[in-house]
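A.B. asks: Sharing a structure with you now.
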Amino acid sequence: MTDAAIAELDAPSRASAEPLILAIETSCDDTAVSVLRGTHVLSNVISSQDVHNLYGGIVPELASREHVKAIAPITHAALLEANTRIEDVDAIAVTVGPGLPGSLIVGTQFAKGLAFRYQKPLIEIDHIEAHMYSGYLENPSLTFPSVCLVVSGGHTSLFLVESFTKYSVLGRTKDDAAGEAFDKVAKMLGLGYPGGPHIDRLAKEGNAKAHEFPRGLMHEVSYDFSFSGLKTSVRYHLQHIRDSGGIVNISDIAASVQRAIVDVLVSKTIKAADAVDASAICIAGGVSANSELRQTMSARAQADNRMFVAPRLDYSVDNAAMIGFLAGKKLTSAL
Ligand code: KG4
Ligand code: ZN
C-alpha cells in the first residue's frame with residue numbers, strides 16, 4: 001500500500017481524534033450554537049431577535065426571554081446540522097461575559113445543565129477574546145503578531161495578539177462603542193435598528209466631505225477611542241439645519257459620519273500595527289461588516305505588506321463558532 005493510501009485510511013481516525021465541541025453564545029441579542037470538530041466548524045446556527053427593532057435598541061428583559069425560547073431548539077438544530085448527538089460531544093463551551101447579565105445567565109445555565117446531565121467538561125470563554133481570534137477561524141494561515149480591532153455595538157478595543165494564549169489590550173473606547181455611534185446617529189436620522197447597515201447603505205450615495213464631524217482622540221498618542229463627541233456634534237448639526245429651515249440630506253450625513261468613524265478606526269489601528277511591527281491586521285465584531293472600514297483597512301494593510309483579515313459576516317457578528325474555535329485552541333494548548 002502506498003504512503004498516500006495509508007494516509008487516506010488514517011485520515012478519519014486522525015480527524016475523529018480532535019475533540020467534538022458544542023459551543024453556546026447568548027451574551028447579547030443573538031442565540032447562537034455551533035458544533036466544531038477541533039477548529040473545524042460543522043454547524044453554526046444563529047437566531048437573531050427582531051423584537052428589539054420596535055424599540056430602537058436592545059431591551060435586556062426581552063432579550064433574556066427570547067434566549068429562553070430559542071436556546072433548546074437552536075442547540076437541537078446545530079447538533080442535527082452537524083450530524084451528531086449531544087452524547088458524542090467531548091466538551092461544552094459557553095460565553096461567560098462580558099454581556100447582558102440576563103442573557104448570559106440563560107446560556108451559562110443551559111450549558112451547565114447539559115454539562116452536568118451528560119457529564120461533559122465545561123469551557124468558559126470570554127466573548128471579546130473570541131471575537132479577537134475570529135480572524136484565525138476565518139483564515140488559519142493568519143500570522144502572529146497581529147493587531148486586532150474588535151468593533152461591535154458594545155465594544156471598541158484594539159489588541160496586540162501574540163499567540164493563542166498571549167495578547168494585550170492596546171486601547172479601548174473611553175465612552176461609546178463604534179457600533180453604538182452608528183446606531184445612535186441612525187436613530188437621530190429616523191433609520192431602523194441596528195443602524196450600522198442603514199448608514200453603510202446610505203453612505204454609498206452620499207458625499208463624505210459634506211460635513212466635517214469630529215474625529216475623537218485621532219491625533220492623541222494613546223490607542224484609546226472616543227465617539228461621544230461625534231454623536232453630540234451630529235445632534236447639534238441636525239438641529240441647526242432644521243431650525244434654519246434647511247433640508248437634511250440623510251445620505252450626506254451618513255457618509256460624513258461613517259468617514260469620521262472609519263478614519264479614526266483605521267488611523268489608530270495602522271499606528272498600532274506600525275508601533276508593534278505587526279505582520280497582520282484583523283478586524284472583528286459587527287462593525288467590521290462595514291464596507292468602507294473593510295475597504296480602507298484592507299488597502300492600508302496591503303500598502304504596508306501586511307496580511308489583512310475581516311471574517312465573513314457570520315463569523316464577524318455574534319456567533320458561537322468563534323466561541324468553540326477558541327475553546328478548541330484552549331483544549332489543545334492544555335494537552
Ligand atoms: O458584534 P455585534 O453583532 O453585536 C454586539 O454588539 O456584540 O455588533 C452589532 C453592531 C451594531 O451596533 C450594528 O449597528 C453594527 O454592529 N453593524 C454595523 C454594520 N453591520 C452591523 N456598523 C456599521 N456598518 C455595518 N455594515
Ligand atoms: Zn460581540
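A.B. asks: Using square roots of five times the C-alpha gyration tensor eigenvalues, list the equivalent-ellipsoid semi-axes of the stretch 162-220 in whole Å, biggest first. Kindly include the intermediate steps, with their values, before the conclusion.
C.D. replies: Numbers: eigenvalues 157, 51, 30 Å².
One finds semi-axes of 28, 16, 12 Å for the stretch 162-220.
A.B. asks: Now, a different point. From the backbone phi of the stretch 281-293, what are the Karplus-calculated ³J(HN,Hα) couplings (6.51 cos²θ - 1.76 cosθ + 1.60, θ = phi - 60°) in whole Hz, Gly and Pro given as x?
C.D. replies: Once rounded to whole Hz, the list reads 10, 9, 10, 8, x, x, 5, 5, 6, 4, 5, 5, 4.
A.B. asks: Turning to a different aspect of this structure: Just to be sure I follow: if Rg is taken over the C-alpha atoms of the stretch 77-142 and Rh is the Kirkwood radius over the same atoms, what is Rg/Rh?
C.D. replies: Over the Cα atoms of the stretch 77-142, Rg/Rh equals 1.02.
A.B. asks: Over the chain, what lengths in whole Å, largest first, do the semi-axes of the equivalent ellipsoid take, defined as the square roots of 5 times the eigenvalues of the alpha-carbon gyration tensor?
C.D. replies: Result for the chain: semi-axes of 38, 25, 16 Å.
A.B. asks: Is the stretch 53-100 rounded, prolate or oblate when judged by the Cα gyration tensor, a ≥ b ≥ c being the square roots of its eigenvalues, rounded requiring a/c under 1.5 and prolate requiring a/b larger than b/c? Please list the in-between numbers first.
C.D. replies: Numbers: a/c = 3.41, a/b = 1.98, b/c = 1.72.
In terms of gyration-tensor shape, prolate.
A.B. asks: Which order do peptides 63-74, 27-38 fall in by mean Cβ count within 10 Å, highest first?
C.D. replies: Details: 63-74: 19.0, 27-38: 26.3.
Output ranking for 63-74, 27-38: 27-38, 63-74.
A.B. asks: If I take R0 = 41 Å and measure r between the Cβ atoms of THR332 and ASP243 in this structure, what FRET efficiency does the formula 1/(1 + (r/R0)^6) give, to the nearest 0.05?
C.D. replies: It comes out at approximately 0.10.
A.B. asks: Could you calculate, for the stretch 75-114, the ratio of the Cα radius of gyration to the Kirkwood radius, expressed as Rg to Rh? Intermediate results must be reported in sequence, preceding the final value.
C.D. replies: Values: Rg = 11.6 Å, Rh = 11.3 Å.
Radius of gyration relative to Kirkwood radius: 1.03.
A.B. asks: Next question. Taking every pair of alpha-carbon atoms in the stretch 151-191, what share in percent sits in each 10 Å bin, from 0 to the bin with the longest distance?
C.D. replies: The distribution over the stretch 151-191 is 29, 36, 24, 10, 2, given as percents.
A.B. asks: Distances longer than 19 Å among the Cα atoms of the stretch 44-183: what percent of all pairs is that?
C.D. replies: 62 percent
A.B. asks: Through the Karplus equation 6.51 cos²θ - 1.76 cosθ + 1.60, θ set to phi - 60°, convert the phi angles of the stretch 224-229 into ³J(HN,Hα) values in whole Hz; use x for Gly and Pro.
C.D. replies: Along the stretch 224-229, the couplings run 7, 10, 8, 10, 6, x Hz.
A.B. asks: When the chain is fully extended, how far beyond the present Cα-Cα distance does TYR118 get from ASP175, taking 0.36 nm per residue of separation? Each step should come with its number before you reach the end.
C.D. replies: On the way: separation 57, 0.36 × 57 = 20.52 nm, distance 4.26 nm.
Result for the pair: 16.3 nm of gain on full extension.
A.B. asks: Still on this structure, I have one more. Could you work out how much longer the chain between ASN139 and ARG294 gets when fully extended? Use 0.36 nm per residue separation minus the Cα distance between them, nm to one decimal.
C.D. replies: Numbers: separation 155, 0.36 × 155 = 55.80 nm, distance 1.57 nm.
Value of the extension gain: 54.2 nm.
A.B. asks: Also: Sequence-distant or interchain residues sharing an amide H contact under 5 Å with TYR167, placed H: which?
C.D. replies: For TYR167, whose amide H was placed from the backbone, the distant partners under 5 Å are GLU162.
A.B. asks: Can I ask one more? What residue among VAL276, VAL150, VAL221 has the largest mean-square fluctuation in a Gaussian network model of the chain, using Cα springs under 10 Å?
C.D. replies: For the chain, modelled as a Gaussian network with Cα springs under 10 Å, the answer is VAL221.
A.B. asks: Under 1.5 on a/c is rounded, so check that first for the stretch 264-335, then, if it is not, pick prolate when a/b is larger than b/c and oblate when it is not; a ≥ b ≥ c are the square roots of the alpha carbon gyration tensor eigenvalues.
C.D. replies: Since a/c reaches 1.5 but b/c is at least a/b, the shape of the stretch 264-335 is classed as oblate.
A.B. asks: When the Cα centres of the stretch 76-130 and the stretch 171-211 are compared, how far apart do they sit, in Å?
C.D. replies: First find each Cα centre; the distance between them is then 33 Å.
A.B. asks: Hey, another quick one. Just want to confirm a number: the relative contact order over the chain, from Cα pairs under 8 angstrom separated by 6+ residues, in percent. Walk me through the numbers before you get to the answer.
C.D. replies: On the way: 684 pairs, mean separation 72.3, N = 335.
Worked out over the chain, it gives 22 percent.
A.B. asks: With unit charges on the beta carbons (Lys and Arg positive, Asp and Glu negative) and the dipole taken about the Cα centre of the chain, which residue among ILE86, TYR133, ALA186 sits farthest to the positive side?
C.D. replies: About the Cα centre, the residue reaching furthest to the positive side is ALA186.
A.B. asks: What is the ratio of the Cα radius of gyration of the stretch 219-301 to 2.2 N^0.38 Å, with N the residue count, to two decimals?
C.D. replies: Working: Rg = 15.6 Å, N = 83, 2.2 N^0.38 = 11.8 Å.
Against the compact-globule rule of thumb, the ratio is 1.32.
A.B. asks: Once amide H atoms are built 1.01 Å from N in the peptide plane, which residues 5 or more positions from ALA93, or in another chain, come under 5 Å H to H?
C.D. replies: LEU22, ALA23, ILE24, ILE123
A.B. asks: How high is the relative contact order of the stretch 49-117, in percent, counting Cα pairs under 8 Å that sit 6 or more residues apart?
C.D. replies: Relative contact order here is 35 percent.
A.B. asks: Projected onto the charge dipole of the chain (+1 at Lys/Arg Cβ, -1 at Asp/Glu Cβ, origin at the Cα centre), which of LEU22, PRO214, ILE323 gives the Cα projection farthest towards the positive end?
C.D. replies: PRO214
A.B. asks: Treat every Asp and Glu Cβ in the chain as -1 and every Lys and Arg Cβ as +1, leave all other atoms uncharged, and give the resulting dipole magnitude about the Cα centre to the nearest 20 debye.
C.D. replies: With Lys and Arg at +1 and Asp and Glu at -1, about 480 debye.
A.B. asks: Find the Cα radius of gyration of the stretch 135-292, compare it with 2.2 N^0.38 Å by division, and give the number to two decimals.
C.D. replies: 1.09
A.B. asks: May I ask which of LYS166/LYS268; LYS204/LYS231; LYS184/LYS204; LYS174/LYS204; LYS231/LYS329; LYS69/LYS268 have a Cα-Cα span longer than 31 Å here?
C.D. replies: Too far apart for the 31 Å limit: LYS231/LYS329; LYS69/LYS268.
A short reminder: the numbers here are calculations on the coordinates, not readings from a lab. Given the structure is predicted, the values throughout are model-derived calculations rather than measurements. So basically every Cβ, Gly included, is an ideal-geometry build from the backbone, and we count neighbours across all protein chains shown.
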